[in-house]
Amino acid sequence: MSEIFALIEHRQGAIRDVSYELMTCGRILAEKLNTKLTAILLGYNTQKFVESVKSQAHRILVIDNEVLKEFNAESYQITLSKIIKKENPSITLIGHTAFGMDLCPALATQLNIPFTTDCLNMEMVDRNLIVTRQMYDGKLNAKVKFRKNPSYILSLRAGCFPAEDCSLNAEIVNIESPITTEPDYRKFVEYIEAAVGDVDITKADIVIGVGRGIKDKENLTMVEEFANTIGGVVACSRPIVDAEWLPKDRQVGSSGKTIKPKLYIAMGISGAFQHIMGMKSSDTIIAINKDPNAPIFNEADYGIVDDLFKVLPVLKDKILEMKH
Ligand SMILES: Cc1cc2nc3c(=O)[nH]c(=O)nc-3n(C[C@H](O)[C@H](O)[C@H](O)COP(=O)(O)OP(=O)(O)OC[C@H]3O[C@@H](n4cnc5c(N)ncnc54)[C@H](O)[C@@H]3O)c2cc1C
């Protein structure tokens, strides 16, 4: 069986967490298929990246060229398509990130390779690749079986596999870059960091997330008061930002911020996967929702099935009582 490939994603000089998750997934698949994991590293001055990846894969294919310093889907497509054509991996894993979403469809179309997006899990059953994806806003998991093909491309959702310590010692293979200039029709211009507002929800130990269950902008005051009581900050789901009740820098999720606080309390948030992606790595998750079937309870360590307007004052009083 030919190898498993995992594309290393990096941004502004740092390897992104999803790359390590891809390599964990890649090693599991490689073991099942009795093959090896190769990390694909495209970049410039890649030595420090090589050092970080060396223990995680059996082999690293490195293309080090200034043209690949920053991500450009077109340059990556040209380069990767050449590597995949030559090496013929059985599976190429790429992060389902803004970067992967930009790259994968055109790459798969060019190579005419079956491609599945946003995969949560992969397994081999009788040497058939079965992939788990979500449907209907995360309410159902679908198992997808492919027609037989020598090669597949899968984009993997961030956070589905752990980044694990490993002690492999990859063989490093340097390859000439097939391109030396960015295509005329698409060039990398610059990174613009999103502005940080008065509260940085990524740095807080305690975050209270509010969702549409809060009903009205006025009700945010009681949540702010609660957050002050327990020394936390208020974050939110996307509809709250869309309604302009809180600024965009408070949004948690795939199109907002990723947070890893010690405690996340989700209030009136259903738990759509786009939201979960941004908070699932919190140390402890408490959910308050009046719907016992809300998907947020699948992620929560503790759940309160009740009306948040009843629960919140009781919680606040209890905390104040304990403080005194
Ligand atoms: C491309 C894309 C990107 C997205 N990015 C993000 C993102 O980054 N972050 C994000 O959050 N969403 C994102 N979304 C939206 C996401 O799909 C959901 O629509 C959104 O997360 C739902 O927000 P919610 O849970 O607040 O609202 P709802 O899904 O409407 O849930 C409200 C919940 O409140 C509960 N509730 C109602 N009243 C009460 C009460 N009195 N007491 C207790 N519980 C109550 C209900 O039972 C319900 O579960 C994205 C969507 C798309 C398509």
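The sum of -39500 (n - 2.57) across all DSSP H runs of n ≥ 4, divided by the residue count of the chain, sets its helix-only mean residue ellipticity at 222 nm to -9000 deg cm²/dmol. Check each of the trypsin sites (Lys or Arg not before Pro) in the range 53-133 and keep only those in coil by DSSP with at most 14 other C-beta atoms within 10 angstrom; list them in order. Listed in order of number, the matching sites are Arg127.
Kirkwood analysis of the range 206-323, using all unique Cα-Cα pairs, places the hydrodynamic radius at 13.9 Å.
Given +1 at the Cβ of Lys and Arg, -1 at the Cβ of Asp and Glu and no other charges, the dipole of the chain around its Cα centre is 920 debye to the nearest 20. Please check which bits of the range 29-63 a label hung off Met124 would reach, taking the label as a point 7 Å along Cα-to-C-beta and the cut-off as backbone N under 20 Å. Of the residues in the range 29-63, 29-40, 56-60 have backbone N under 20 Å from the label point off Met124. Rounded to the nearest 10 degrees, the angle from helix 308-323 to the longest Cα principal axis of the chain is 80 degrees.
Here the relative contact order of the range 4-174, from alpha carbon pairs under 8 Å that lie six or more residues apart, stands at 29 percent. At 10 °C and 1.306 mPa s, what whole-number value in µm²/s does Stokes-Einstein give for the translational diffusion of the range 30-183, with Rh from the Kirkwood sum over Cα pairs? For the chosen part, D equals 96 µm²/s.
Springs between alpha-carbon pairs under 10 angstrom, Gaussian network model over the chain: which of Thr181, Thr35, Thr284 fluctuates most? Of Thr181, Thr35, Thr284, the most mobile in the Gaussian network model is Thr181. Per residue, the range 4-174 exposes 45 Å² of solvent-accessible protein surface, assessed with a 1.4 angstrom probe and all protein chains in place. For the range 4-174, carbon and sulfur atoms together expose 46% of the accessible surface, with a 1.4 angstrom probe and every protein chain in place.
In straight-distance terms, cross-link reach from Lys145 covers every one of the lysines whose alpha-carbon lies under 29 Å from its own, apart from those fewer than eight places away in the same chain; here that gives Lys32, Lys36, Lys82, Lys85, Lys86, Lys280.
Loop-located GluC sites (Glu not before Pro) in the range 225-324 (DSSP state other than H, G, I, E, B) with a sparse environment of at most 11 neighbouring Cβ atoms within 10 Å: Glu244.
With the highest mean first, a sort of the peptides 191-197, 250-256, 163-169 on other beta-carbon atoms found within 10 angstrom per residue produces 250-256, 163-169, 191-197.
Taking 7 Å steps out from each Cα toward its Cβ at Glu244 and Asp102 produces label points 3.0 nm apart.
Taking the longest Cα principal axis of the chain as reference, the axis of helix 73-87 is set at about 50 degrees. P(r) tail for the chain: Cα pairs beyond 38 Å make up 25% of the total.
The values are calculated or read from the model by the stated rules, or taken from the named source; none is laboratory data. Computed from a predicted structure; not experimentally measured. FYI the Cβ positions are ideal-geometry reconstructions off the backbone, even for glycines, and counts take in every protein chain you see. Heads up: the accessible areas ignore ligands, DNA and RNA and are worked out on the full protein's heavy atoms, side chains in. Shrake-Rupley method; radii C 1.70, N 1.55, O 1.52, S 1.80 Å.
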